[in-house]
Amino acid sequence: MADVHPDHAQLQADRIYLGWQYILPHPDPGPPPKRPSPAEEPPVTERDDEERAALLRRERLQEDMLNRPVRLVRAFMLVLAALIVVLALVGYLAWQFALIGVLAAGGVAAICAYALVQGDRAVRYRVSEQQARNDRQRQERDRELFRAQEEHAQLYREWQEEKDRFDRQLTWYAVAVPDEIDRVDVAGGTLPGWSALITLLGATRLYSGGHLTVLDLSEGAIAKDLIELARKGGDDPLVWVLPVDLPRLDLGATLKPEAFADVLAHVVSVSEEHRTTRDLSFDNAILERVLEVLGENATISQVTAALRALAQVGDPREDLRFGLITATQLERIGTLFGRGVSDRVVIERAWALESQLRKLETLGTQAVRLPPARLRVVSMDRQAGVFGNRVLGTYVATALTHILRQSPASDRPWYHTIIVAGADKLRGDVLDRLMDACETSRTGLVLTYRSLTPTVRERLGRGHAAVAFMRLGNAEDARVASEHVGTEHRLELAQLTETISESLPGLDGGYTSTIEQLDDAGGRPDEGAADLAEDITESTEWGRTADKISEKERVLQRSREFLVEPHQLQQLPTTSVIVTDATAHGRRVRLADANPAILTFPKTTLAELEEVRETTIQEPSENGHREPPPNLGPPPARLDWRKDRQ
């Protein structure tokens, strides 16, 4: 596919892209105005002759009917005059009387003849007058037709301009939040919806030069398309599938004993939701003392061996034989705490700590040197135990928190982004510490929650964070979300979003670990330059259907509006995202489609709707109309992921 963004806005590193908003600033003008045309009539000459003859016949017929008595009187007078002349000739009537009678009868006949002549003239006059009126009416109709055609030409030019604006206008505008936002909380959604959002967000972060870490607690391989996209773009993603890759995971290996003890204490608390800070402090104290005995760089297996010795579980000679602890360490562990009732409490806690930390015993035992990578994915194997995955997820999140706390603040916000999918599986205090560490180190954080538990509700949107709501199946969650957004908002949903969401396939398969294949040189990506649109088309499931989606996008232009109500939130399309964030003018609410394939559409822009409108206001067209400019920015550079790899 050719580059579809030669004249659209450029990908910006200071924005967090969450989808695209379907907007039609210029509505469809509809069909062109109908051209006015006269009725079909015969040629003017023939029509005039026919009208004149018909009018003349009508007038003459009427005149004949009116003049019939006059003609009778004239005929009678002529006959009478002839009779008088005949009578005078034969001698029956004197010529004096005959002359008077002839003159009288002839005068009456002449008067009648004159009246008939005048009537004939009147007929011809009326015919000519009617013809003149018809000519004037015809000329007026011609002038009206000419004016109507001129008006039609003007209307057609205006319609053509509106049609051109409608055909040229962009229909998908970027929905982004500025990098001043510390965090993005995503509430609700399905696994395909999360996959779309994380693929889009992660790809735009990577292609703008950033680094990305994904902690996938969903067990649904939602970052699979993002990994393929990263390979296509030129990166070598690192993928850990736990617990299989736990021996090769060196996360937290460089932590100091105090921090390591804190991490382990939080890991142990994963199964005890109602534990207090005092309980965590007690576990932390036990682990700190054990780590003091073991020394720096102690492994989890050494910690569990020491806890077994402290809890008096099993035979310590086996741990001595395997070299997990030494005799001196075993002796010191036996004298760490006093005897009595407190000793029994320590023994019980040590036993509980050992039983849960045993799941991490292989951590870092086969650590290898890892190549640099800008995308790192840590996932949980869906075939592993649920509790074990929660322990592993809590360990990774807590270890990341301590690493961030020890790291200096980044010069560029969101340069390093952490995505935690299924964050509702973590304890509230673990989330709080991770949020604080990311805010302090200026690390971008994206948390996705499947359901709005009380723990999630307390933290949703807290601080300077944007909140995104996806489909919420639970009625109570939908009610809470509608109250958070506000039921007065009316949002516009594209028909394309609904149509594509109905045909989305489910996620299949799982992650393939790359840690085991580090020595395999056959999987190296191409060294060519990376183009985001082309890579989405070629390497993601979303992009492989881009042509079909784009074809539907040209046909399905209609959309519908809905209010933010609970039943509507329960019926949102899979990739729909309602984004709320605070601005200087108040909180704004936008509906976006997180489908990454929309980026490949020819009418998609990486500029936001407000920017396009501002540009439109500043650049009026020649005819005085203010239209969207043909160019919204320079063409996007073909970004190469390798130029910023470390």
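The values are calculated or read from the model by the stated rules, or taken from the named source; none is laboratory data. In this text the structure is predicted, and so the values were computed from the model without any measurement. Neighbour counts run over all protein chains shown; Cβ positions are idealised from the backbone, glycine included. Protein only, heavy atoms only, side chains kept; ligands, DNA and RNA dropped before computing areas. Shrake-Rupley method; radii C 1.70, N 1.55, O 1.52, S 1.80 Å.
For region 562-597, a tally of residues being within 22 Å of G202 (Cα to Cα) and either at pLDDT 90 or above or touching a Gly at 6+ places or on another chain (Cβ under 8 Å) (or both) returns 16.
In region 379-423, of all residues being open to solvent by 50 Å² or more (accessible area, probe 1.4 Å) and of a type in the set (A, V, I, L, M), the one that is farthest from Y511 (Cα to Cα) corresponds to A409.
If you check R143, R165, which single one turns out to be out of contact with any strand residue (DSSP E or B) (no Cβ under 8 Å at 6 or more places or on another chain) and in contact (Cβ under 8 Å) with a residue 12 or more places away in the chain? Can you show your working first?
On the way: R143 fails: in contact (Cβ under 8 Å) with a residue 12 or more places away in the chain.
Result of the check over R143, R165: R165.
Is it the case that some residue within region 574-587 is hydroxyl-bearing (S, T, Y), part of a strand (DSSP E or B) and open to solvent by 10 Å² or more (accessible area, probe 1.4 Å)?
Here is the first cut: in region 574-587, the residues hydroxyl-bearing (S, T, Y) are 574-576, 580, 583.
Going one step further and asking which of them are part of a strand (DSSP E or B), we end up with 576, 580, 583.
When the remaining residues are screened for being open to solvent by 10 Å² or more (accessible area, probe 1.4 Å), the result is 583.
The answer is yes; a qualifying residue exists.
How many of the residues making up region 12-31 are assigned to a loop (DSSP other than H, G, I, E, B), open to solvent by less than 30 Å² (accessible area, probe 1.4 Å) and at negative phi? Adding up the residues that qualify gives 1. Residues in region 228-245 that are open to solvent by 10 Å² or more (accessible area, probe 1.4 Å) and in a helix (DSSP H, G or I): E228, R231, K232.
Considering only region 255-299, state which residues are open to solvent by 30 Å² or more (accessible area, probe 1.4 Å), over 20 Å from V345 (Cβ atoms) and modelled with pLDDT under 75. Once the filter is applied, which keeps residues that are open to solvent by 30 Å² or more (accessible area, probe 1.4 Å), over 20 Å from V345 (Cβ atoms) and modelled with pLDDT under 75, region 255-299 yields only E273. Take the conditions (1) farther than 17 Å from D283 by Cβ; (2) touching a residue at least 60 places away in the same chain (Cβ under 8 Å); (3) open to solvent by 10 Å² or more (accessible area, probe 1.4 Å); L375 misses just one of them, which is (3).
Within region 418-461, how many residues turn out to be part of a loop (DSSP other than H, G, I, E, B) and more than 22 Å from V577 (Cα to Cα)? Talk me through it step by step, then tell me what you get.
So in region 418-461, the residues part of a loop (DSSP other than H, G, I, E, B) come out as 422, 426-427, 442-443, 450-453, 460-461.
Next, from what is left, pick out any that are more than 22 Å from V577 (Cα to Cα): 426-427, 442-443.
Of the residues in region 418-461, 4 are part of a loop (DSSP other than H, G, I, E, B) and more than 22 Å from V577 (Cα to Cα).
Flag: A350 does not match the condition of being open to solvent by less than 10 Å² (accessible area, probe 1.4 Å), of a type outside the set (V, I, T), within 21 Å of L212 (Cβ to Cβ) and not in a loop (DSSP other than H, G, I, E, B).
One line per residue, one yes/no per condition, for (1) assigned to a loop (DSSP other than H, G, I, E, B); (2) at pLDDT 85 or above; (3) open to solvent by 50 Å² or more (accessible area, probe 1.4 Å); (4) of a type in the set (D, E, K, R):
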position: A466; (1), (2), (3), (4): no, yes, no, no
position: E476; (1), (2), (3), (4): no, yes, yes, yes
position: H484; (1), (2), (3), (4): no, yes, yes, no
position: S501; (1), (2), (3), (4): no, no, no, no
position: D508; (1), (2), (3), (4): yes, no, yes, yes
position: S513; (1), (2), (3), (4): yes, yes, no, no
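Taking region 309-325 as the range and being under 19 Å from I286 (Cα atoms) and either surrounded by 13 or more Cβ atoms within 10 Å (Cβ to Cβ) or hydrophobic (A, V, I, L, M, F, W, C) (or both) as the test, the residues that pass are A309, L310, A311, V313, P316, L324, I325. Taken residue by residue, region 149-163 has no member that is under 18 Å from the mean Cα position of the chain (by Cα) and either of a type in the set (A, V, I, L, M, F, W, C) or at pLDDT below 90 (or both). Within region 201-216, the set of residues being in a loop (DSSP other than H, G, I, E, B), open to solvent by 10 Å² or more (accessible area, probe 1.4 Å) and within 22 Å of I403 (Cα to Cα) comprises G209 only. Kindly evaluate L452 against the criterion of being within 27 Å of A481 (Cβ to Cβ), in contact with a helix residue (DSSP H, G or I) (Cβ under 6 Å, 6 or more places away or on another chain) and without any contact (Cβ under 8 Å) to a residue 40 or more places away in the chain. When the stated conditions are applied, L452 does not pass them.
Looking only at residues in region 150-187 that are in a helix (DSSP H, G or I) and among the polar types (S, T, N, Q), the one that is most open to solvent (accessible area, probe 1.4 Å) is Q154. Scanning region 198-227 for residues that are farther than 17 Å from D381 by Cα and aliphatic (A, V, I, L, M) yields I198, L200, L201, A203, L206, L212, L226.
Number of residues in region 188-200 that are surrounded by fewer than 24 Cβ atoms within 10 Å (Cβ to Cβ) and not hydroxyl-bearing (S, T, Y): the value is 2.
Which members of region 446-464 meet the condition of being surrounded by fewer than 22 Cβ atoms within 10 Å (Cβ to Cβ) and among the charged types (D, E, K, R)?
The initial filter retains those residues of region 446-464 that are surrounded by fewer than 22 Cβ atoms within 10 Å (Cβ to Cβ), namely 451, 453-464.
Answer for region 446-464, where residues must be surrounded by fewer than 22 Cβ atoms within 10 Å (Cβ to Cβ) and among the charged types (D, E, K, R): R457, E458, R459, R462.
Criterion first (small (G, A, S), out of contact with any helix residue (DSSP H, G or I) (no Cβ under 7 Å at 6 or more places or on another chain) and loosely packed, with under 12 Cβ neighbours inside 10 Å) does G91 satisfy it? The answer is yes for G91.
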